[in-house]
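*Asks:* Sending over a structure as structure tokens; questions will come in a sec.
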Amino acid sequence: MQKVGIQTTQNVLIDYEVAGLGERIGAYLLDALLLGAYLLVLVYINIEIQTLPIYVNVVLVLPVFLYHLICEVFFNGQSLAKKQLHIKVVRLDGTSPGLGSYLLRWILRPVDFLLYGSVAILCILIGGKGQRLGDIAAGTTVVKYRKDTFTRMQPVYAPVQDEDHVVTFPQVNRLTDEDIALIRETLQLYRRTANGQPVQLMSDKAKELLGVETNMPPVKFLNVLLKDYQHLSTQA
């Protein structure tokens, strides 16, 4: 099982499981099947209507060429097949992939898939980080994307100002504004990605800093800290 360590912007190191070659090929074939079905529909329409104007065909075929770029930009690093197989594109430096990253992957896609994809396969097998040429150029890779068990079971608690709020952890006043900002960023990361590992690590660190013991789920614990901090700050 190949893994890749990614340092998030919250300075938390997360080990992601690299998407296997079989999953990458499976996603490629599923996407190809989808695009093939779309082209067949276009052929059928042309036959039935006795050939559409050239400019109309160009417009209708254009999504086939832009499919992977459009999907990855608007679906957060996933094509429709990648969504089904729970894999996605991520950057190795921990930042979110942007248009430039996706564009590089898309531009080099024809090179990667020369000779039945042998270029991409060799790069993935030899490189050790699950990267084809496009990934190497863009600083990305493709990882398995599964929600941790505890995150599936936990609701997201949003801190709100409540004058009747009862402080659960008065020790929270030991934290600095920077600590609170980091907790808030970690929760925002969780809401965007549903990845519970940074939340768990942040929860453990906060308990250690404050010297508290609690059975609260990590997400709820961090949100309670935010509420306590906000309440104590307004009372100061």
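*Asks:* Only one of these is assigned to a helix (DSSP H, G or I), over 19 Å from A194 (Cα atoms) and in contact (Cβ under 8 Å) with a residue 24 or more places away in the chain: L40, L35, L60. Name it.
*Replies:* Result: L35 is the single residue among L40, L35, L60 that is assigned to a helix (DSSP H, G or I), over 19 Å from A194 (Cα atoms) and in contact (Cβ under 8 Å) with a residue 24 or more places away in the chain.
*Asks:* Further question on the same structure: If a residue must be of a type in the set (A, V, I, L, M), surrounded by 15 or more Cβ atoms within 10 Å (Cβ to Cβ) and modelled with pLDDT under 90, how many such residues does the range 125-142 contain?
*Replies:* Qualifying residue count, the range 125-142: 0.
*Asks:* Taking only the range 63-76 into account, find how many residues are surrounded by fewer than 17 Cβ atoms within 10 Å (Cβ to Cβ) and in a helix (DSSP H, G or I).
*Replies:* Residues flagged as surrounded by fewer than 17 Cβ atoms within 10 Å (Cβ to Cβ) and in a helix (DSSP H, G or I) within the range 63-76 amount to 6.
*Asks:* State yes or no: is A181 hydrophobic (A, V, I, L, M, F, W, C) and on the phi > 0 side of the Ramachandran plot? Step through it out loud before you land on a result.
*Replies:* Numbers: hydrophobic (A, V, I, L, M, F, W, C): yes; on the phi > 0 side of the Ramachandran plot: no.
Taking the combined requirement at face value, the residue does not satisfy it.
*Asks:* Among the residues of the range 72-101, which ones are under 17 Å from D31 (Cα atoms), within 13 Å of the chain's Cα centre (by Cα) and not basic (K, R)? Let's see the steps before the verdict.
*Replies:* Let us first name the residues in the range 72-101 that are under 17 Å from D31 (Cα atoms), namely 72-89.
Checking the rest, the ones that are also within 13 Å of the chain's Cα centre (by Cα) come to 72-79, 82-83, 86-89.
Answer for the range 72-101, where residues must be under 17 Å from D31 (Cα atoms), within 13 Å of the chain's Cα centre (by Cα) and not basic (K, R): E72, V73, F74, F75, N76, G77, Q78, S79, H86, I87, V89.
The values are calculated or read from the model by the stated rules, or taken from the named source; none is laboratory data. Because the structure is predicted, anything quoted here is derived from the model rather than measured. Don't worry about glycine lacking a Cβ; one is built from the backbone with ideal geometry, like all the others, and counts go over all protein chains shown.
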